[in-house]
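Q: Shown below is the structure under consideration.
The numbers here are math on the coordinates, done by the rules we state, and not lab data. Only a predicted model underlies this, so the values are computations on that prediction, with no experimental measurement involved. Please note: Cβ atoms are built from the backbone with ideal geometry, for glycine as well, and neighbour counts cover all protein chains shown.
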2 protein chains.
Amino acid sequence: MKTRSIFLKMGIVTLSIGFVFSLFACAMYPSEPAAEVEPLYVFFFIGDGMASAQIHAAEAYLAATAKEDAKTGVATAGKLSMSAFPVLGMQTSFANNRFITGSAAAGTALACGEKTNIGVVAMNPAATRSYTSLAEAAKAKGMKVGIVSSVSLDHATPAVFYAHSARRDNYEKIGEALLESGFDYFAGGGFRVDTYTSDTYLTLDDNERVARIESQAKSSGFSFSNSRLEFNALSEDDGRVIAINPHLDTYKAMPFELNRKTENDLTKDYRDSISLAEFTQKGIDLMKHGKYGFFMMVEGGKIDWACHANDARAAIEETIAFDKAVDVAVQFAKQYPERTLILVTGDHECGGLALGYAGLGYDTDFEKLKRQSLAYDDFGRNVLAAYTSSHMPAPEQIDADMWQIILETYGMDGDRLTAQTQDDLTPYEIGLLEDAFDLTMGGNNANSEQENNLLYGRNEPLTVALTHLLNRKSGLSWTSFSHTAVPVPVFAMGHRSEMFDGYYDNTQVARNLAKIMQVNIGG
Amino acid sequence: MKTRSIFLKMGIVTLSIGFVFSLFACAMYPSEPAAEVEPLYVFFFIGDGMASAQIHAAEAYLAATAKEDAKTGVATAGKLSMSAFPVLGMQTSFANNRFITGSAAAGTALACGEKTNIGVVAMNPAATRSYTSLAEAAKAKGMKVGIVSSVSLDHATPAVFYAHSARRDNYEKIGEALLESGFDYFAGGGFRVDTYTSDTYLTLDDNERVARIESQAKSSGFSFSNSRLEFNALSEDDGRVIAINPHLDTYKAMPFELNRKTENDLTKDYRDSISLAEFTQKGIDLMKHGKYGFFMMVEGGKIDWACHANDARAAIEETIAFDKAVDVAVQFAKQYPERTLILVTGDHECGGLALGYAGLGYDTDFEKLKRQSLAYDDFGRNVLAAYTSSHMPAPEQIDADMWQIILETYGMDGDRLTAQTQDDLTPYEIGLLEDAFDLTMGGNNANSEQENNLLYGRNEPLTVALTHLLNRKSGLSWTSFSHTAVPVPVFAMGHRSEMFDGYYDNTQVARNLAKIMQVNIGG
């Protein structure tokens, strides 16, 4: 009994001491358990030149061509993956020194949370001080970092995340910054050479200069892939990766989706081409086991290019391809809904696109866009070039061969071949094409220089006259060949996405992301 | 001691019984205290024809004319009241039978949560069944209801809240529905007569028909006011109120803010005019003591009209005036932040406005818009009419008098008077004005009918040519004279405003409001 009593007393004393220690411990380490890493997966999708009109044009085109109530079926058939995001914001895009921004200044705001001047990459307006980007801060924190773009990897929008340059066209220095970034995954387009006189590599020709950057990439610790076979085989064992699409255009960008899809240009075999969605999926596969998660920026870069050329169908296809990449992230987020944040926005609008045209009043007919079989670039560079070289001296008016090309590429009938379609062009419309044809064939039309500048900008005249005409017949119209200052929507879902609600400046997007990722940017 | 013990026991027993009763009471009336009315104040602001471009053009104009960093000062100087709302959404606007909507179909969606056909007012597409609107449901629930519009009170957007009609232009029947609505406050514009042949009042002329409706209004229990003096004196003692602006245009709408502001039209004295903000404030004053609160719809109806005419400055001034009305609600909400919900949206975009023009590339100069001293309507009806009657026969080209008018009204110099300004028009631009002048003076220009239709739509040719030119010189441009399908932002603040986050269809706006107000709509 005595022994038992002693043990009981000891027990009570021990328990009491334990309780006091416990209280003490709780007081010292109040709420949380000892630092357990919570990986965070951040996707930052940027549609270059993409605002509400581009998004809704894609939705309307999908609805019209899906044939589920062609006029009004937008609510169901035409929705994009981004359209279903629960949180929406809207951002203003103006630059430090111009109301209508450019991709470098807008990108700097989105990547670093600070305004800068037109053309400056992730530096202050005077280009004397570098700004820290979200990607750099994420890397410093231990997150994996991926940068994906459908245009060249050294283009303004990807560049603002890893480089600092007074000029966005200093491509080779930007390319070197890419290699020194320490980031884990670069994918999409290739590398360019400077487009202004730079004396660094004057002894080399352009191809040699690109080869130099690429070989440097291989020697600087990256696994380098530029074929479908290599791309498919990429795994976490490959360490840091640069994956370039096997097909690139003159500007080292991925080909337009419209060209890739229709495969109308027989000079190219796009079968092995890799989509933006595939590049996004590969980024997930390579980085998803990072202890601290990852930050991945994915740019749909050619929405902007199509809009500069006022080529609506090409812009729509780029927007849809971009949205498919968004959907890859949405599928991934189902695994980690609490720890994934997906943000989709544009850097600025481009072209002043509207879903409505004076000539049609309240009508639209988006299905007509389906007739277009080539984006402006391949039409201008290949089809027109072939026609020109086989038609010397140039005919004074559009001839039967050219009308045939117009019918095959844009589905518009000039009334000179047949009168069977309902879409014969009017004399006024034929006049517009003839004016453009004159210029394209190296002649002069009767218009003033100012009028021709309004009609074509710096685009290939006949190409833009044709897309203008087809766009307008479908109910889409443009006000500019440049960017505009129309505000840009922000779609957000997942971890702390509610922070992106409301109407704010583009710098706020990056600042919110920095808060969520618990990093410091700008500076 | 004994007594004390008995009292103690009794106390314990009493407490126990009390406790059991309390438990019983709690079980019977579980959570809430007995019905205490919580008034709810709902503001529904609809900017007709107002989407992101109209809003940002107003912000940019305010920033540019405030001179606080004219090019990029949008972030601070140029913000509107609605711009600061914490919640943002975006809505698609398509009608049941057309992709580009009209105000009746869009209004029906916003008021009743259901799609309908173009021109139908708060009925199903076949116009065989009425939809219940938010305003009707609010009234039935006991809330006070106010309907305010800067256009006539029987116009499509106000009408969808209280009338049901197969045709929106059946103004007199709609006006009668207004009088029978039982609503508490109607304010802004006046009453119109049918614009199609209706045999109801064929024996009366238009003025008599308007007088008939107005006298009916007085005899049907409304306090009727159409002067500044009467308006100022209106109080809760006046019961149900119809308050019409002392100045109305041909269409019984309030005058354009731009005309009211500049007072350039000396044929009118706008000093006693009442603003949309004042009408909104009066609505609050008259309805704020309603036991169940109130529902007030306020329409900025002439943003749309200015956009149809492609008159940017007029649209901007209407947007600013609309926003001042929004700010009245914002100030009211400070008293009852938990019980006030403010919603601001548009019914559709109009004009395909963009902040960017091909002729200026990346440049803008919004300050130039300040030169315009009259909205399109007063210019066309008064200034041009006076010129025409004093210049017979019409000159073949724009003469010195007309150049003087153009300089005074739009600040553009035709180079025929002086060469002192930097804004002399180019020969191409003068050619555009001469083409329009020909038509305005009743002649023919050399353009095809199709081209003239694209240039002027159904607008007065010289007027729209002048606003086009001034807009473009400022960096604003249009694609259409009709509505467009560009998605429309939704700004929300206050009680359950978070429900309006995301990207949805316009019907969802009304459905969310119905949920919040706990009423049934549509049907």
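Q: Pick out, in residue order, every one of the GluC sites (Glu not before Pro) in the range B:345-419 that is DSSP loop and has at most 11 other C-beta atoms within 10 Å; say none if there are none.
A: B:E396
Q: How high is the relative contact order of the range B:361-474, in percent, with contacts defined as C-alpha pairs under 8 Å that are six or more residues apart?
A: 34 percent
Q: Which of the aspartates and glutamates could a cross-linker bridge to A:K79, judged by Cα under 13 Å and excluding same-chain residues fewer than eight apart?
A: Correct list for A:K79: A:E59, A:E68, A:D323, A:D327, B:D505.
Q: What is the calculated FRET efficiency for B:D237 to B:S390, with r their C-beta to C-beta distance and R₀ = 51 Å, to the nearest 0.05?
A: In this case the efficiency is close to 0.50.
Q: Rounded to the nearest Å, what's the spacing between the alpha carbon centres of the range A:88-122 and the range B:120-134? Just the number, please.
A: 46 Å
Q: If you don't mind, another one. Taking beta carbons within 10 Å but only from partner chains, what does the mean come to for residues A:502-514?
A: Across the residues of A:502-514, the mean count of other-chain Cβ atoms within 10 Å is 3.
Q: By average Cβ neighbour count within 10 Å, what is the ranking of A:331-339, A:168-176, A:206-214 from highest down?
A: Sorting A:331-339, A:168-176, A:206-214 by mean packing, highest first, produces A:168-176, A:206-214, A:331-339.
Q: Next question. Would you please put B:475-484, B:503-512 in order of how densely packed they are, using the mean number of other Cβ atoms within 10 angstrom per residue and starting with the highest?
A: Final packing ranking: B:475-484, B:503-512.
Q: What is the Cα centroid distance between the range B:206-234 and the range B:305-329, reported in whole angstrom?
A: 26 Å
Q: Once the piece of chain linking A:N520 and A:S220 is laid out straight, how much longer is it, given 0.36 nm per residue of separation minus the C-alpha distance between them?
A: Separation in residues times 0.36 nm, less the Cα-Cα distance, equals 105.2 nm.
Q: Right, something else. On a 20 Å Cα-Cα criterion, which of the cross-link pairs A:K288/A:K515; A:K252/A:K324; A:K282/A:K324; B:K144/B:K282 come out too long?
A: A:K288/A:K515; A:K252/A:K324
Q: Which angle from 0 to 90°, rounded to the nearest 10, does the C-alpha axis of helix A:506-517 make with the longest principal axis of chain A?
A: Around 30 degrees separate the two axes.
Q: I've got another one for you. Normalised by the residues of chain B, what does the relative contact order come to in percent, with Cα pairs under 8 Å and at least six apart?
A: In percent, rounded to a whole number, it is 25.
Q: Find the all-direction average of the projected area of the Cα convex hull for chain B, expressing the result in square nanometres with one decimal place.
A: Over every viewing direction, the Cα hull of chain B projects on average to 33.0 nm².
Q: Report the gain in length on full extension from B:A84 to B:R458: 0.36 nm times residue separation, minus Cα-Cα distance, nm rounded to one decimal.
A: That works out to 130.9 nm of additional length.
Q: Another question, if that's okay. Using the eigenvalues of the Cα gyration tensor, what equivalent ellipsoid semi-axes result for the protein assembly as shown when each is taken as the square root of five times the eigenvalue, whole Å, largest first?
A: With the √(5λ) rule applied to the protein assembly as shown, the semi-axes are 50, 47, 25 Å.
Q: With the crude spin-label approximation of a point 7 Å out along Cα→Cβ, what separation in nm comes out for B:R212 versus A:T128?
A: Calculated label separation equals 7.8 nm.
Q: Using a simple spin-label model with points 7 Å from Cα along the Cα→Cβ vector, what separation in nm is obtained for A:N444 and B:D401?
A: 3.9 nm
Q: Moving to a separate point now. Going 7 Å from the Cα of A:R496 toward and past its Cβ, which residues in the range A:78-96 have a backbone nitrogen under 20 Å from where you end up?
A: A:86-91
Q: If packing is taken as the average number of other Cβ atoms within 10 Å across a peptide's residues, how do B:300-309, A:425-434, B:242-251, B:282-291 rank, most packed first?
A: Highest mean packing first, the order is B:300-309, B:242-251, B:282-291, A:425-434.
Q: So what is the relative contact order of the range B:411-516, in percent, for Cα pairs below 8 Å that sit 6 or more residues apart?
A: Computed over the range B:411-516, the figure is 15 percent.
Q: For A:51-57, what's the mean count of beta carbons from other chains sitting within 10 Å of each residue's beta carbon?
A: That average works out to 6.
Q: Could you give the angle, 0 to 90 degrees to the nearest 10, between helix A:171-180's Cα long axis and the longest principal axis of the Cα atoms of chain A?
A: Roughly 20 degrees between the two axes.
Q: While we're looking at this one, here's another question. If r is the Cβ-Cβ distance from B:Q335 to A:E180 and R0 is 56 Å, what FRET efficiency results, to the nearest 0.05?
A: Computed FRET efficiency for B:Q335 and A:E180: 0.45.
Q: For the range A:361-474, what does the convex hull of the Cα positions come to per residue, in cubic angstrom?
A: Measuring per residue, one finds 110 Å³ for the Cα hull of the range A:361-474.
Q: Also, I was wondering about something else. Please average, across the residues of B:482-494, the number of beta carbons from any other chain that are within 10 Å of each residue's own beta carbon, and give a whole number.
A: Partner-chain Cβ atoms within 10 Å, mean over residues of B:482-494: 6.
Q: What is the calculated FRET efficiency for B:Y292 to B:D327, with r their C-beta to C-beta distance and R₀ = 22 Å, to the nearest 0.05?
A: For R0 = 22 Å, the calculated efficiency reads 0.30.
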